[in-house]
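Step one of this worksheet: look at the structure below.
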Amino acid sequence: MSVRAIALAVTDEARANEFYGKTLGLPAAIEDGDNFGFLLDKTILLLKPVADWYGRPSDELNARITLEVADARETEQALRASGVTISDPIAVYGGHPVGAFLDSEGNKLWFCSKQ
C-alpha cells in the first residue's frame, strides 16, 4: 500500500494555492488536464474548502503529516526566510531532526530528515 492523496481543510483556497504552489514550490497535480492539488513525491495534496469539509481545522485529533526533506535544518531556515511560521523548531527525535510549520490556513505540517 501507499498513500495516494492527503486532504487538508482550507479557509481561503486562493491563499492556500499560493502558499503551496509559490511559497513551498510544490508542483501541480494534473490529471486529464485539470489541476486538482499539489504533488508530494507521488502523493497528491488536495486542498478542500471548509464548506466541503466536515468541520474546521483544529488542534484536536487530526492526522499528522510529516514531509521528508533533504536537510531539516536548511528547510527550517528557508521556510523562515519565506515568512512561514515555524510552530515547532527543530528538535532531535531518534537521531533525526524534526520540526513543524503552519500553512496559510493554520494546518500544521511536520518535516524531518535523516540527519
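Values as computed for the structure displayed
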{"item": "For the chain, diffusion coefficient by Stokes-Einstein and Kirkwood Rh (Cα), 20 °C, 1.002 mPa s, µm²/s", "result": "144 µm²/s"}
{"item": "Potential lengthening between residue 115 and residue 73 on full extension [0.36 nm per residue; Cα-Cα distance subtracted]", "result": "14.2 nm"}
{"item": "Residue-averaged [θ]222 nm for the chain, counting only DSSP H segments that reach four residues, each worth -39500 (n - 2.57)", "result": "-3500 deg cm²/dmol"}
{"item": "Rounded D (µm²/s) - the stretch 67-115, Kirkwood Rh over Cα pairs, Stokes-Einstein at 4 °C, 1.567 mPa s", "result": "123 µm²/s"}
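Since every read-out is calculated from the coordinates, none of them should be taken as a lab result. Quick caveat: nothing in here was measured; it's all calculated off a predicted structure.
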